[in-house]
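Following: one structure in structure tokens, then a few remarks.
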Amino acid sequence: MAKLVGGSSSTISRVFVAWMVFLRCVLDEVNLKPLPGFIEAFLPKVFVDAGYADCGILGDNTETWIAQSENFELNNVTFSHYKNHTTGKVSVWIFPHGVYASVLMLFQDQSQMNNSLNKLT
């Protein structure tokens, strides 16, 4: 992305982290819970046809490379062993009709979801 905007990777990394913190602060204050019956009314037909009529929420986790911090403890938390680099981890949860339910910043040792998935694999 740094090449696309003509900036350095460290600057892009700092901007990314700042935006993630900003989005978390904003979205934590917004009540995104839909009214009763709203999900069922706007559930895409493809979900119902595929047998997912009871689906209430969809989740995805992603990682993107970030610059190493000068703080050693923060580097330990954000370091991804399988990518061998520090990464920003974000969990995005949406309702099937496309409205955000939650955007969470995750760290490898603090995520119960990652621990559960690691036990399954």
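The values are calculated or read from the model by the stated rules, or taken from the named source; none is laboratory data. Quick caveat, the model's predicted, so the values are computed rather than measured. Note that each Cβ is placed from the backbone with ideal geometry, even for glycine, and that neighbours are counted across all protein chains shown.
Where strands (runs of 3 or more DSSP E) sit wholly within segment 28-120, those with at least 1 residues that are modelled with pLDDT of 80 or more and out of contact with any Leu (no Cβ under 6 Å at 6 or more places or on another chain) occupy 58-65, 85-94. Only one entry in Thr64, Thr11 is of a type in the set (Ser, Thr, Tyr) and either touching a Phe, Trp or Tyr at 6+ places or on another chain (Cβ under 8 Å) or within 23 Å of Val92 (Cβ to Cβ) (or both), namely Thr64. Among the residues of segment 51-81, the ones that are touching a strand residue (DSSP E or B) at 6+ places or on another chain (Cβ under 9 Å), closer than 30 Å to Leu35 by Cα and among the acidic types (Asp, Glu) come to 1 in all.
One residue stands out in segment 10-63 among those that are of a type in the set (S, T, N, Q) and within 12 Å of Ser102 (Cα to Cα): the one that is surrounded by the fewest Cβ atoms within 10 Å (Cβ to Cβ), namely Asn31.
The set of residues in segment 1-26 being small (Gly, Ala, Ser) and outside any loop (DSSP other than H, G, I, E, B) consists of Ala2, Ser9, Ser10, Ser13, Ala18.
Of all residues in segment 1-15, those that are under 12 Å from Ala67 (Cβ atoms) have Cβ atoms under 7 Å from Cβ atoms of residues that are of a type in the set (S, T, N, Q), 6 or more apart or on another chain, in Ala2/Ser8; Ala2/Ser9.
The residues in segment 52-79 that are touching a residue at least 24 places away in the same chain (Cβ under 8 Å) and charged (D, E, K, R) can be counted, and the count is 2. Among the residues of segment 56-72, those identified as under 22 Å from Ala2 (Cα atoms) and touching a helix residue (DSSP H, G or I) at 6+ places or on another chain (Cβ under 7 Å) are Thr64, Ile66, Ala67, Gln68, Ser69.
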